[in-house]
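Read the structure below first, then the notes.
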2 protein chains.
Amino acid sequence: MTVLNFVTADKTLSSRMPLLNTGTPESKRQEILNYFCQTYDVYDRLFEVLDSDEAWYMKAISLRHPLIFYYGHTATFFVNKLIAARLIENRIDPDIEAMMAIGVDEMSWDDLDDKNYDWPAVEALQAYRQKVRAMVCEFIRGMPLEIPVQWDSAAWLILMGIEHERIHLETSSVLIRQLPLSCLNNNGSWPVCNETGAAPENTLVALNGGKLKLGKSYDDPLYGWDNEYGSQEVDVAPFKASEYLVSNGEFLAFLNAGGYDTERWWTDEGWAWATFAKARHPEFWVRKEDCWHYRTLLEEIDMPWNWPVDTNCHEAQAFCRWKSEVTGKSIQLPTEAEWYCLRGQIDTDLPYWEQAPGNINLEYWSSACPVDQFRNGNFCDIIGNVWQWTRTPIDAYEGFRVHPYYDDFSTPTFDSKHNLIKGGCWISTGNYGIKDSRYAFRRHFFQHAGFRYVESTASDQETINPYETDTLVSQYLEFHFGQEYFGVSNYPKRCAELCHRLMGSRPMTRALDLGCSVGRSSFELARWFQHVDGIDFSARFISAAAELQKNGKIRYFTPTEGELGEFKVASLKVMGLDTTDVNRILFTQGDACNLKPKYCDYDLVFAGNLIDRLTEPLVFLGNIHERIRPGGFLVLTSPYTWLEDYTHKDKWLGGIRENGEALDTYSALKRVLSLHFEEVQPPVDIPFVIRETARKYQHTVAHCTVWRCR
Amino acid sequence: MTVLNFVTADKTLSSRMPLLNTGTPESKRQEILNYFCQTYDVYDRLFEVLDSDEAWYMKAISLRHPLIFYYGHTATFFVNKLIAARLIENRIDPDIEAMMAIGVDEMSWDDLDDKNYDWPAVEALQAYRQKVRAMVCEFIRGMPLEIPVQWDSAAWLILMGIEHERIHLETSSVLIRQLPLSCLNNNGSWPVCNETGAAPENTLVALNGGKLKLGKSYDDPLYGWDNEYGSQEVDVAPFKASEYLVSNGEFLAFLNAGGYDTERWWTDEGWAWATFAKARHPEFWVRKEDCWHYRTLLEEIDMPWNWPVDTNCHEAQAFCRWKSEVTGKSIQLPTEAEWYCLRGQIDTDLPYWEQAPGNINLEYWSSACPVDQFRNGNFCDIIGNVWQWTRTPIDAYEGFRVHPYYDDFSTPTFDSKHNLIKGGCWISTGNYGIKDSRYAFRRHFFQHAGFRYVESTASDQETINPYETDTLVSQYLEFHFGQEYFGVSNYPKRCAELCHRLMGSRPMTRALDLGCSVGRSSFELARWFQHVDGIDFSARFISAAAELQKNGKIRYFTPTEGELGEFKVASLKVMGLDTTDVNRILFTQGDACNLKPKYCDYDLVFAGNLIDRLTEPLVFLGNIHERIRPGGFLVLTSPYTWLEDYTHKDKWLGGIRENGEALDTYSALKRVLSLHFEEVQPPVDIPFVIRETARKYQHTVAHCTVWRCR
């Protein structure tokens, strides 16, 4: 067993992250400088295996740039972040820093990248990398530094650049593993495990489950990406997990059972991928003369049947369905929480261990190793060897905040399409190697990743909805559930409270919230009413309200300036609505001017900001009494903003001349409603604010009138 | 001389207006009731002369409805106003009240009215008028009434309806005077003066002029239309006025001199009218067998050469130009103020006199009379006989407020196209007959109106600008010069004050206000800077600013709800800018991205809310230092609202991702400006509010940055 020990020399591949909260500023500065240099060195050493232009400039897979891009990319990252944070003033090479800025890591498998790039020469990039190295070293030596290192400090940004490079150390190694061997140079720096043999029989081992609290606090001593912070409490039911990662040997049974030909074992998305990619076997299996061989980073070796299989998530899930069918058990991939139950068997973490309790952090080999080599309690390979796919799409924890220096790191992945991988692999270093890290990739993506299966009755993760970016829906989510601006209190809440006061001690059986938009007033009315119908003409609004009702939260993007913005979450819990039975509400798309007969017998109808958005306000007002119980209330609020876009001018209730006389809307309401209603209290003005950007708002004063049905 | 004395019977034609501030409520109620009935009776009696369907349904002139309309119109006015004011609930006849609501009095002379109206039968309208009479009488008997009668009281609205009918009593008499005699019935109710003779020689009589204060206060004891209130101080230079109104005899000399054939004596507008109308002589002159006859209300008589000529304003002005040419003097129509100098010769007013000191209020005849019949001091006919055209287009006095019950009575005439007529005529009763009344008609219009001329050096009245109704210009006028909303202080003023503080004791020679919009910050900067260039890309904005600079005020219409709104005036005086030399400002249309070379050497450039509205913000920022003296300041304010409508996205300064990194506009400004500027103080936030309607506002927070040119 070759052990590359991180303490022996600067030139070792493995490493330790600096702790954020220990030591003196000057010792920490030196530590960060060393960590930066060691990372830079390891990254350079990885690219030393590229032996020809072909290796640098060909695309290992169609969805990603050639390696020349990644070689420059991690260096430009430092410059671009430092410029963006206004910590340095001058660029080193504007062309390179523009060209190498953005990767194409997250495309779907059937996207095409047909851009033509005029990549620089390798030598030019090597020179560029040296300049960046010098600049960053100088920057580290001079930057302000306090202990603990804080989220928004310059040192954090440097650590971010380092961890970013460590991510690409691993992902670039995957790309290299996908290049032809002929263009690679096995220089001995990246040694392969030489222990192979037959696969061990896998067994399912019971775990108790229990209450887990996921997520870390903002004063955690280890550097983290923004998605790691916050908290989520999970109840994990007892389950069983496979003792070993699935080995090549174990996976062969699936393949031999016709796994790659049997659609029913695949998800729809997985089968579509397998068909498109013409997948017939795991990515790194090589068929030679009727024998299976195995591709490592720089070699092809005889199939190591007792090593873990590398698969994407689709293949892993197909294996599980096959396994379920074969065993009659509910075999699936673990959830994120189930993996953390397993992780409880290990009581240390990367920066603290003397020697890794798994094949991780480049501490042993530059390849996988047998699945029974590293035992952790009743299991092997709880960390390291290959990553373990979970069935959990990544989502934010409660309390998630976007990191201002890297605001598009996590949020684009909260879309149900990126599943978490856990545990790290042989080349996972730095943050990649720690317990709390949360990386997620598209399910068709290849890392050095395989899987462990569980027997579990845990139901599938709810669909994660991506950030709502529809401008109007987002605007209204912020209006209903977001911040208060200019000291103006929440409008739908205030309206609902007015409705509640109005009801006094009368029965509150049924309420109708017409023009409910994204639903806040419906949620508020459900505090008191046994049934609330929330109706809006816009299906987009209704679907946002329904999502909030179902999941208790919804995410949205709210613009700050130009195309920039903030990622926010609307949460019923934060609104104090977590104790309200929101199932009292039925959200439906509908037309206030043409309601279905079933919407009737209401004790209260609230029509907030509705009448001046109707095509036929007179039709609505002329018929609404039919829906209200005698003595029930109609509450109208509106700024009377009549616009031809919504209502033809000849249908405007007021704000017009009638027979030459000015007719305001309030007068028109009195006239129209007097037949079936009496006005029960003087009108009140209720202001509201809708945010358009961080600096621009609509500030409006609605007129609220209250009517009792005769 | 037949005298129809108003006190003798209800059936007399003349009348007195009730005073607003005397008596008990119950005596006033009775007085108003009598005044209403007497007005209704007189109006009915006028229409009794119509002797055939032709008289009722033919259009006396193409620009006005037939008399059937006016017969119903004054009655519907009561109903429509009472409904609009929510003082009554039910209509009497919705069809009539819609059809008879709006007259066509104010069209240009070449407009065509080709609508087809399905007018009701006379009998139907008579019955309708009786129903309205009964309703109004009942209303008067029951309405709340306090002394004094206030502007917004129910009694005021009744007086408004009465005075409105009295207006139409006179204007309908003009239409009847334009109908063929064959369809009229001279029933003896409308007697003609029988004194005629040769015209007296007219002479010019000197008046001292002096300081006059025009306009009445809101506690004046006589009912007034909104345009009468407020105040205006005028210095009238000494002038001479003709002793008599211009008689038919005096006017004949103009006609015989080729007056109707000689373009140079006419204004352009007057000549265009004369040509279009094929005018050859005064409207009520009739050529018969080579003799001039004269049309009265119901007769044709031999030409009364010593009676006043009836003309429109164009003919009167043409006469004056001819007279000037003939006499070598500056002969013109009097101004409104000059007429009030004349009016000073009479020390009574309609409700107070025992007997009228002129041929007015139907107290003598239903026709004109000789111009030397009624002497008032050194002049005759200062009031009565025929109206006297002035050369003053009607305009609001300082402090003018629109009456809420009749918000389109005055404001549409503040357009330079409506000239004031003064003094009243033989049929002018009620408000038409009082000293403070201010009626104005289009210059081509015929009333029973003629003129008196003056020899005066007073320069012409400035052009009156109509209310600015361009939505955006009005919005910005309110933003710059209107009310403050939500407690947010005036933005361009606050920005200018910031600029002033910045200058400290440095010389303030030249300032540039780029994107000055309607000019407030330029006006404010002119308090301190010797020269201010105000430049905006919008010619409409610049022309509003220039009008304000020239006239000290500008009117605009600001929407409240739908198509309804308020008429407002922006005034430099109200802004405390009347002591500022606004001629220091040069307002010019221009493009901030392509300024002419002459715009240079500034001590200060203020670009308020500009940069995010430029097509090429980078071009502007890259060159602006060339315009600023070394050490001079650049002050930028902006909410950074980048929109593709104004700036292509690839030209946005910030609010974008650059090399994948978020670039906010402030950071971009620092980068762009650092070459030629240094930032001299921390940025500040300055909020502003733009009103869209009475209930809807844009509430924005601009970012203000301050830069010193190296």
### Task
Identify all residues within the stretch A:525-568 that are more than 22 Å from B:V701 (Cβ to Cβ) and in a loop (DSSP other than H, G, I, E, B); write none if there are none.
A:A526, A:R527, A:W528, A:F529, A:Q530, A:F537, A:S538, A:G552
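For (1) open to solvent by less than 40 Å² (accessible area, probe 1.4 Å); (2) under 30 Å from B:D408 (Cβ atoms); (3) within 28 Å of the chain's Cα centre (by Cα); (4) modelled with pLDDT under 95, each residue gets a yes or a no:
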| site | (1), (2), (3), (4) |
| --- | --- |
| B:D513 | yes, no, no, no |
| B:V518 | yes, yes, yes, no |
| B:I535 | yes, no, no, no |
| B:N551 | no, yes, yes, yes |
| B:T558 | yes, yes, yes, yes |
| B:M575 | yes, yes, yes, yes |
### Residue identified as in contact with a Lys or Arg (Cβ under 8 Å, 6 or more places away or on another chain) and assigned to a helix (DSSP H, G or I) among B:L577, B:L618
B:L618
## Note on the structure
Just one listed residue, out of A:E250, A:E289, A:E243, is of a type outside the set (F, W, Y) and open to solvent by 70 Å² or more (accessible area, probe 1.4 Å), and it is A:E289
### Query
Looking only at residues in the stretch B:583-598 that are open to solvent by less than 30 Å² (accessible area, probe 1.4 Å) and touching a Ser or Thr at 6+ places or on another chain (Cβ under 9 Å), which one is farthest from B:V619 (Cα to Cα)?
B:I585
### Every pair of residues 6+ apart whose Cβ atoms lie under 8 Å, when the first sits in the stretch A:663-690 and is more than 30 Å from A:Q483 (Cβ to Cβ) and within 12 Å of chain B (Cβ to nearest Cβ) while the second is part of a strand (DSSP E or B) and open to solvent by 60 Å² or more (accessible area, probe 1.4 Å)
A:L663/A:R657
### Query
Within the stretch B:387-418, how many residues turn out to be part of a strand (DSSP E or B) and surrounded by fewer than 18 Cβ atoms within 10 Å (Cβ to Cβ)?
1
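Quick grid of which residues meet (1) in a helix (DSSP H, G or I); (2) in contact with a helix residue (DSSP H, G or I) (Cβ under 7 Å, 6 or more places away or on another chain); (3) under 30 Å from B:S15 (Cβ atoms); (4) outside the structural domain of B:W305 (by TED's automatic domain parsing):
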{"residue": "B:D220", "(1), (2), (3), (4)": "no, no, yes, no"}
{"residue": "B:G224", "(1), (2), (3), (4)": "no, yes, yes, no"}
{"residue": "B:Y260", "(1), (2), (3), (4)": "yes, yes, no, no"}
{"residue": "B:W271", "(1), (2), (3), (4)": "yes, yes, no, no"}
{"residue": "B:A274", "(1), (2), (3), (4)": "yes, yes, no, no"}
## Note on the structure
Exception for B:L586 within (1) modelled with pLDDT of 95 or more; (2) part of a strand (DSSP E or B); (3) within 14 Å of chain A (Cβ to nearest Cβ) falls at (3)
### Query
In the stretch A:178-204, which residues are assigned to a strand (DSSP E or B) and either open to solvent by less than 30 Å² (accessible area, probe 1.4 Å) or without any contact (Cβ under 8 Å) to a residue 12 or more places away in the chain (or both)?
A:L184
#### Entry: Which listed residue is at pLDDT below 95, over 33 Å from the mean Cα position of the chain (by Cα) and open to solvent by less than 30 Å² (accessible area, probe 1.4 Å), from A:T12, A:T2
A:T12
### Task
Just give me the residues in the stretch A:119-138 being open to solvent by 30 Å² or more (accessible area, probe 1.4 Å) and either among the hydrophobic types (A, V, I, L, M, F, W, C) or under 20 Å from A:L87 (Cβ atoms) (or both), in sequence order.
A:W119, A:A121, A:A124, A:A127, A:K131, A:R133, A:A134, A:M135, A:E138
### Message
Cβ-Cβ under 7 Å, sequence separation 6+ or interchain: first residue in the stretch B:72-87 and more than 7 Å from every other protein chain (Cβ to nearest Cβ), partner open to solvent by 20 Å² or more (accessible area, probe 1.4 Å) and of a type in the set (V, I, T). Which pairs?
### Response
B:V79/B:I92; B:L82/B:I88
### Tally, over the stretch A:317-354, of residues that are among the hydrophobic types (A, V, I, L, M, F, W, C) and open to solvent by 60 Å² or more (accessible area, probe 1.4 Å)
1
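Rundown of residues vs (1) among the aromatic types (F, W, Y); (2) away from every other protein chain (no Cβ under 14 Å), yes/no style:
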site: A:T39; (1), (2): no, yes
site: A:V42; (1), (2): no, yes
site: A:Y57; (1), (2): yes, yes
site: A:S62; (1), (2): no, yes
site: A:F69; (1), (2): yes, no
### Query
Does A:L477 fit the bill of being open to solvent by 10 Å² or more (accessible area, probe 1.4 Å), modelled with pLDDT of 95 or more, of a type outside the set (F, W, Y) and assigned to a helix (DSSP H, G or I)?
no
### Task
Within the stretch A:645-662, work out how many residues are within 50 Å of the chain's Cα centre (by Cα), facing chain B (nearest Cβ under 10 Å) and assigned to a loop (DSSP other than H, G, I, E, B).
5
### Message
Kindly evaluate B:N256 against the criterion of being out of contact with any strand residue (DSSP E or B) (no Cβ under 7 Å at 6 or more places or on another chain), at pLDDT below 95 and open to solvent by 40 Å² or more (accessible area, probe 1.4 Å).
### Response
no
### Message
Any residue that is surrounded by fewer than 18 Cβ atoms within 10 Å (Cβ to Cβ) and at the interface with chain A (Cβ under 10 Å from one of its Cβ atoms) - is there at least one of those in the stretch B:610-629?
### Response
no
### Task
Looking for whichever is hydroxyl-bearing (S, T, Y) and either under 21 Å from B:F251 (Cα atoms) or in contact with a helix residue (DSSP H, G or I) (Cβ under 7 Å, 6 or more places away or on another chain) (or both) here; the options are B:Y397, B:Y432. Which one fits?
B:Y432
### Query
Do we have B:S173 as assigned to a loop (DSSP other than H, G, I, E, B), under 30 Å from B:Y352 (Cβ atoms) and outside the structural domain of B:E315 (by TED's automatic domain parsing) here?
no
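The values are calculated or read from the model by the stated rules, or taken from the named source; none is laboratory data. Predicted model only: the values in this text are computed from it and were never measured. Cβ coordinates were reconstructed from backbone atoms using ideal geometry, including for glycine residues, and neighbour counts include every protein chain displayed. With ligands, DNA and RNA removed, areas are computed over all heavy atoms of the protein, side chains included. Shrake-Rupley method; radii C 1.70, N 1.55, O 1.52, S 1.80 Å.
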